[in-house]
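Enquirer: Got a structure here, written out as structure tokens. Questions coming.
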Amino acid sequence: MTAPPAIRIIVADDHQVVRTGFAALLDTQPDFAVVGTASDGAEAVRICRDLHPDVVLMDVRMPGTDGIEATRRIVAAGAAARVLILTTFDLDEYAFSGLRAGASGFLLKDAPPDALLSGIRSVAQGDAVVAPSLTRRLLDAYAHRLPDERAPESRSARLDPLTEREREVVALVAEGLTNDEIAARLVVSPATVRTHVGRAMSKLDARDRAQLVVLAFQTGLATPPAG
């Protein structure tokens, strides 16, 4: 039986030690192939265009073109690559900006190696990685800066296509729950949850679960936890 092709990855970070470290870790995985590295956002965009990776590990603060703008350009170009933002607790706001720019999720730079490897595989499969603990801190600190789309008429217009169950599922996605956790909460099968998530993404024109999280908070379907 032929093995599936390796997940092609680009690592973008302005610190050479970080790039080398991540590349060395990823190269230990038989299903990963680091096809390039970039020291700034402009280089990441160029390499992505030339090498067609599946996943881009994107640092946020880089000289010149930062990771947020690079993510925006990669997504706008219609690239198939999924962007996974790597951030730290003091860059929560940038992580959310990355999701709004089209990233498929974000992880902490000091996440355990297993979490990073699992996150890359999830993103490559079309899912999204949104660390629940970081999401809660991010939204608690920065929700007041979101576009004001919470007026009843705005919310209704945006969410009208969704069924009540689909709204419920999207709200739970925004809490950071996995499909299995949502299934347990709603007492349905994971397959049913996947169906609801897929239909919600289609109706809301969301690229993936990460964009569902953004939309849930922008429309008021989900709200930040009490501080």
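Bear in mind that the values in this text are calculations on the coordinates, not laboratory data. Please read all numbers here as calculations on a predicted model, not as lab measurements. Using ideal geometry, Cβ is built from the backbone for each residue, glycine included, and neighbour counts are taken over all protein chains shown.
Enquirer: Could you please report the charge total around Glu43, scoring K, R as +1 and D, E as -1 over all other residues with beta-carbon less than 14 angstrom from its beta-carbon?
Expert: -3
Enquirer: Stretched out fully, how many nm does the piece from His15 to Ala76 gain, at 0.36 nm a residue minus the Cα gap?
Expert: Working: separation 61, 0.36 × 61 = 21.96 nm, distance 2.60 nm.
Length gained, His15 through Ala76: 19.4 nm.
Enquirer: Separate question: Compute the FRET efficiency between Ser189 and Ser118 as 1/(1 + (r/R0)^6), taking r as their Cβ-Cβ distance and R0 = 22 Å, and round to the nearest 0.05.
Expert: After rounding, the FRET efficiency stands at 0.45.
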